[in-house]
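The values are calculated or read from the model by the stated rules, or taken from the named source; none is laboratory data. Because the structure is a prediction, the values reported are computed rather than measured. Cβ: placed from backbone, ideal geometry, glycine included. Neighbour counts: every protein chain shown.
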Amino acid sequence: MAGLAGEPAGIVHNFDTDEWNLSNRARLTDSLIETDILILNTGGEDYTGLRDFLSRRGFKGIICLWMHDNHIAHSANLRTVLEADVYFCSHHGAQHEDYLLNSVSLSAPILPACYRNLPLDTVRSLMARHADLPRLSRVVAPYFLYRGFKRTAYLETLRRECPELACFFTDENDRKEEYYDAITEEEKAARWLFFKSSIVVPLHDDLSIRLFDGLIWGHTVLVPGTLPAFDHVVDAQDAARLGIVRYDSAQGPAGVSKAAREAIAIFDRQGQDGVRRRHRYVMAGHLHGHRVRALLSFLSDFASGHTVNEMVRVQIGQESRYGMRSRRPDRRPLL
């Protein structure tokens, strides 16, 4: 198995040299000829030409895509799945999945988002060192502001009208200079560690990694009340045990403020026991390694005939799409 991960928009095809460079950190080389399964994390990039590139170098393995941003960048994603044998979406829902159906690659079960932010060593070290640190009774909201999405205006409204929120917003065009380059990992971590709660504000009805970011730091997390992707991954008992509070987006800032006060009160009642419980929840089942093992387990089940496979037809506007879907017998996501 070879696993290659690129940063957003970090995969570049040099047509002069016919090389693929993944964020200057890894290259697809001739050693991949011996690979059985190639797993690529994709964030809305266009991989057109990848299959031909690998085939000309003797690659005979299976190309798997884990699509972190299938809820946006539809055109690029649709071109990319045509380069794969199997693709796994992160985000649940017909509007996020149906458009990808095609006659080339297999639609596998949902492989949900997981914790993939700051290094785990940083998280563990700071959590241990500052276990007794008093936290601020605020709900932290660290987000990039993407232009053209309704979420940006919604976040700006929350910043103005919700005193319970501590907002760290960065314009999408400034994120490299102002976020990735300007502050250290410890400073990024401080934005999580110093607060009792955090909020999930989806970009487009998706289960954001902000859920796992918050829980791993011990937060009681605010999540929209109408978010099928959340209910698909976290059951009601776990949500109650972890102190996850649902808010009504339709109520605007007032609904968020009400949920924020409830989340902070839960944090105060549960104390350090609650912090440790939420941290362990992510560490025990929602890291990158857990998802990769689930992916490989599904491939094994598929190869041995222990999956439910069906041809599916969907209507996307005036166009009909056909493709094969494979699911676990219980139709659950891969966790």
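Annotations for the structure displayed:
- Members of region 139-177 found to be more than 24 Å from Ile72 (Cα to Cα) and assigned to a loop (DSSP other than H, G, I, E, B), listed by number: Cys162, Pro163, Glu164
- Total residues in region 138-157, condition among the small types (Gly, Ala, Ser) and over 23 Å from Leu193 (Cα atoms): 2
- Arg57 fulfils the conditions (1) surrounded by 17 or more Cβ atoms within 10 Å (Cβ to Cβ); (2) more than 22 Å from Phe230 (Cβ to Cβ); (3) modelled with pLDDT under 90 except for a single criterion, (1).
- Residues located in region 20-49, provided they are at pLDDT below 80, assigned to a strand (DSSP E or B) and touching a Gly at 6+ places or on another chain (Cβ under 9 Å): Trp20, Asn21, Leu22, Ala26
- The residue of region 136-184 that is farthest from the chain's Cα centre (by Cα), among those that are under 23 Å from Leu126 (Cα atoms) and among the small types (Gly, Ala, Ser), is Ser137.
- The set of residues in region 218-232 being part of a loop (DSSP other than H, G, I, E, B) and more than 14 Å from Val200 (Cα to Cα) consists of Gly218 alone.
- Top-ranked residue of region 108-135 - restricted to ones that are more than 20 Å from the chain's Cα centre (by Cα) and of a type in the set (Gly, Ala, Ser), ranked as surrounded by the fewest Cβ atoms within 10 Å (Cβ to Cβ): Ala128
- Among the residues making up region 233-283, those that are surrounded by fewer than 19 Cβ atoms within 10 Å (Cβ to Cβ) and in a loop (DSSP other than H, G, I, E, B) are Asp235, Asp248, Gly252.
- Of all the residues in region 81-100, those that are in contact with a strand residue (DSSP E or B) (Cβ under 6 Å, 6 or more places away or on another chain) and part of a helix (DSSP H, G or I) number 4.
- Leading residue by the ranking (modelled with the lowest pLDDT) among those in region 175-210 that are charged (D, E, K, R) and in contact with a Phe, Trp or Tyr (Cβ under 9 Å, 6 or more places away or on another chain): Arg175
- Residue that is nearest to Pro333 (Cα to Cα), among those in region 66-106 that are in contact with an Asp or Glu (Cβ under 7 Å, 6 or more places away or on another chain) and among the hydroxyl-bearing types (Ser, Thr, Tyr): Ser105
- Unique match (being at negative phi and not in a helix (DSSP H, G or I)) among Ser103, Ser125: Ser103
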